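Down below is the structure, laid out as structure tokens.
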Amino acid sequence: MKIAVLVSGGGTNLQALIDNTGKTSPEEAYEIAYVGADRDCFALERARKERIPCGIESAPAGTPRAEARRFVSDRMLDKAKEAGADAIVLAGFLTILSGNIVDEYSERILNLHPALLPKFGGPGMWGHHVHEAVLAAGELESGCTVHLVDSGCDTGPILLQKKVPVLPGDTAETLAKRIASHEHEAILEGVKLLAKRVNTEKARAR
């Protein structure tokens, strides 16, 4: 399965996927065909180091939010198709996808969210905002969720979750750090689950 990985930040989850390329069983095998970002970020340096095709796709300054989302989504769709990607993986990608990309890659877009959905999802729930909301709500546990993307925001079918305790005295930073290592495991497990299905479908179509 060829994947396009979309990023917005440091790219530690991208690195986890890079490090495990070629280490899966044949039926779970994947290849990173393209890395796309909606802003300049260190994740692109990780892609360049591995000589993975990559680039930035962002809307012109001043574009209204809904139009900007659609612009970036359409550009990422073009890039994914050019790279021959069978699926798309959102690894800390902050643009909410909309339009044709959601339809053309239906049930083949994977997202990693830093909370236990359906709680603490939706627009504005990213990064430290998620962890601050978890702490403010007095939750006893948090974690991360890997799910398929639909036309909503963090609303698609859940594939798997990893849970961690919320400890007394936690801050958004300490909670995020505790969840991070589980995110790396979760995104790899999610990609392997998707690869198993996509690779089987491709084999049947031959």
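Restricting attention to region 118-130, which residues are surrounded by 15 or more Cβ atoms within 10 Å (Cβ to Cβ) and either aromatic (F, W, Y) or assigned to a helix (DSSP H, G or I) (or both)?
F120, W126, V130, listed by residue number.
Counting residues that are among the acidic types (D, E) and in contact with a strand residue (DSSP E or B) (Cβ under 8 Å, 6 or more places away or on another chain), which strands (runs of 3 or more DSSP E) fully inside region 1-85 reach at least 1?
In region 1-85, 31-37 are the strands (runs of 3 or more DSSP E) which contain 1 or more residues that are among the acidic types (D, E) and in contact with a strand residue (DSSP E or B) (Cβ under 8 Å, 6 or more places away or on another chain).
Any idea which of I109, I101, I88, I56 is among the β-branched types (V, I, T) and over 20 Å from G11 (Cα atoms)?
Exactly one residue qualifies, and that residue is I101.
Somewhere in region 147-156, is a residue touching a Phe, Trp or Tyr at 6+ places or on another chain (Cβ under 9 Å), at positive phi, not hydroxyl-bearing (S, T, Y) and not in a strand (DSSP E or B)?
The answer is yes; a qualifying residue exists.
Looking at region 48-98, which of the residues that are on the phi > 0 side of the Ramachandran plot and at pLDDT below 95 is surrounded by the most Cβ atoms within 10 Å (Cβ to Cβ)?
G92
Given the structure, is P118 closer than 19 Å to K162 by Cα and either out of contact with any strand residue (DSSP E or B) (no Cβ under 6 Å at 6 or more places or on another chain) or among the acidic types (D, E) (or both)?
So P118 fits the description; yes.
Restricting to region 147-206, name every residue that is within 24 Å of G22 (Cα to Cα), of a type in the set (V, I, T) and under 20 Å from the mean Cα position of the chain (by Cα).
Passing the criteria: I187, V191, V198.
Taking the options A115, A133, name whichever one is hydrophobic (A, V, I, L, M, F, W, C) and either in contact with a helix residue (DSSP H, G or I) (Cβ under 6 Å, 6 or more places away or on another chain) or crowded, with 23+ Cβ neighbours inside 10 Å (or both).
Answer to the check: A115.
Which numbered condition trips up V166, out of (1) in contact with a Gly (Cβ under 7 Å, 6 or more places away or on another chain); (2) modelled with pLDDT of 95 or more; (3) of a type outside the set (G, A, S)?
Status for V166: all satisfied but (1).
Can you name the residue in region 173-200 that is touching a residue at least 24 places away in the same chain (Cβ under 8 Å) and among the basic types (K, R) and is also farthest from Q161 (Cα to Cα) among such residues?
K196
The values are calculated or read from the model by the stated rules, or taken from the named source; none is laboratory data. Since this is a predicted model, take the numbers as computed values, not measurements. No Cβ is skipped: glycine too gets one built from the backbone with ideal geometry, and neighbour counts run over all protein chains shown.
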